[in-house]
Amino acid sequence: MEQYEPEPLSAAQLAAVRRSVTGGRGALTRRSLLRATGVGTLAVGGLPALSGCGIPPAKLEGDGRASSDHSAEEKRVVFSNWTEYMDVSDDEKHYPTLEAFTRRTGIAVKYTADINDNVEFFGKIQPQLAAGQDTGRDLICVTDWLAARMIRLGYAQKLDPSNLPYAFAHLSEQFRSPDWDPGRAHSYPWTGIPTVIAYNSRATGGRTVDSVSQLLDDPKLKGRVAFLSEMRDTIGMTLLDLGKDPAKFTDDDFDAAVARLQKAVDRKQVRRFTGNDYTADLDKGDIAACVAWAGDIVQLQHDNPDVKFTIPRAGYMLSSDNLLVPARARHKTNAERLIDHYYRPPIAARLAAYINYVCPVDGVRAELTRIDKSMADNTLILPDAAMAAASHAFRSLSAEEETAYEQKFAKLIGA
């Protein structure tokens, strides 16, 4: 018996969508910079329909209903991923790591880069999931907040550990047990995305900027500071600076973070809240320092040695994109074997060398060094022990909390 649980997007959540449309991580392709989090990005033309009816998930009883697994007799797997999120050959006609999987296992992969944002993709597959039907996909990659929602609604199958020996052995400790999927029963991370502090050393006169307090209070930075328009990143970093744990904060803690930021806004310390469009101003030095997405900084540093990053002593925020097997998927075992394939260190290193995001796989340093030593030494791709220990995740929110928090954050940033 299926139970229907409407969860329409609130006005505040829709405002967050619109912010992402104009400047969020989803505004650029994955290879160049980063992708959308929060409630994701949408084509502006799709917003009226969303505001009218929301996305009404139907909760399925049980733990991610499975159909009969046809993996043994059907040597294939269908994988939906984000654009620019897979290694390709120089002629862009082959996917080397996927082809290595087929050679080793005999399982053919139908790979489709048909995910451009979380909300749009969920809207595409949700009717089938709600009806208890196969989506036609055996493996998907979605951001942590959507992965949490799908698991809660019973839309993701529980994984079989016996098919995931490399994944279990090599998953980095910092990714092992998110609050939305304890012990990674339903998911494995594809990549991690850090939120850090960035600064232009020429614009700061050679001074290092290494704390949110410095961003908010240093008079020498007045009017040349930016924070992100993504709530989880800006509030998360501010909570850490206040000595609060983003994984356990209360309503009062959230309000304290908003108030701390509001004071800096009122003093005109903060120039603006931005999506990825801060990169041009940081590159030029018009913004001296900001809260930034690590993928942006990796790209900017290729051409501008003045752009630097720091990890605050209080820590930094880390989100992730995650592999799930949808309910009713036809080839669950084959999908699990494909997940496990990407936790083999040589394969993980090849992928990390191409996409330049945080690799969630332990034991790849030697392999990545053989490909590109500078990448192996970059802690934004392979975090060292200290950086891994400093990472924090924003806790899962209820629908009510997300609406309330987005409303307060929207007021703060003038959205």
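Any read-out appearing in this document is the output of simple, stated calculations on the displayed coordinates, not a laboratory observation. This one's a predicted model, so the numbers in the text were calculated from it and none came from an experiment. Here the Cβ is made from the backbone with ideal geometry for all residues, glycine too, and neighbour counts use every protein chain on show.
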Nearest-0.05 FRET efficiency for K220 and D277 at R0 = 35 Å, using Cβ-Cβ distance, is 0.90
Taking the Cα-to-Cβ direction at S213 and at A169 and moving 7 Å from each Cα, how far apart do the two end points lie in nm? 4.5
Compute the distance in nm between two label points, each set 7 Å from the Cα along the Cα-to-Cβ direction, one at S177 and one at D245. 1.1
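Please report the antiparallel percentage of the DSSP beta bridges confined to region 145-298, to the nearest 5.
Values: 5 of 11 bridges.
About 45 percent, rounded to the nearest 5.
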Please name which of H186, P246, L153 has its Cα lying farthest along the dipole of region 150-265 towards the positive end, using unit charges on Cβ (Lys, Arg +1; Asp, Glu -1) and the Cα centre as origin. P246
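Please report, in debye to the nearest 20, how large the charge dipole of region 292-415 is about its Cα centre when each Lys and Arg carries +1 at its beta carbon and each Asp and Glu carries -1 there.
Numbers: 14 positive and 15 negative charges, 74 e Å.
Result for region 292-415 is approximately 360 debye, rounded to the nearest 20.
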Note to self: Kirkwood Rh of region 198-334, Cα pairs, one decimal, Å, is 16.1
Calculate the length of the line joining the C-alpha centroid of region 180-249 to that of region 352-415, in whole Å. 11
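With only Lys, Arg, Asp and Glu charged, each at its Cβ (+1 for the first two, -1 for the last two), find how big the charge dipole of region 83-139 is about the Cα centre; round to the nearest 20 debye.
Values: 6 positive and 11 negative charges, 72 e Å.
It comes to approximately 340 debye.
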Most to least packed among 147-155, 277-285 [average Cβ atoms within 10 Å]: 147-155, 277-285
Calculate the spin-label point distance for A72 paired with Q301, positioning each point 7 Å from the Cα along the beta-carbon direction, and give it in nanometres. 5.0
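Provide the packing ranking of 375-385, 75-85, i.e. peptides ordered by the mean count of other C-beta atoms within 10 Å per residue, highest first.
Most protected by this proxy first, the peptides run 75-85, 375-385.
If I stretch the segment between A366 and K158 completely, what's the gain in nm (0.36 nm per residue apart, minus their alpha carbon distance), one decimal?
71.6 nm
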In the structure displayed, which of K75/K332; K263/K411; K284/K373 lie more than 23 Å apart, Cα to Cα? K284/K373
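Please work out how much length the chain gains when fully extended from T112 to K263, using 0.36 nm per residue of separation minus the C-alpha to C-alpha distance, in nm with one decimal. Can you show the working numbers first?
Numbers: separation 151, 0.36 × 151 = 54.36 nm, distance 4.65 nm.
So the chain would gain 49.7 nm between T112 and K263.
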Expressed as cubic angstrom per residue, what is the convex hull volume of the alpha carbon set of region 118-227? 168
If we sort 248-259, 88-99 on the protection proxy, mean other Cβ atoms within 10 Å, highest first, what's the order? 248-259, 88-99
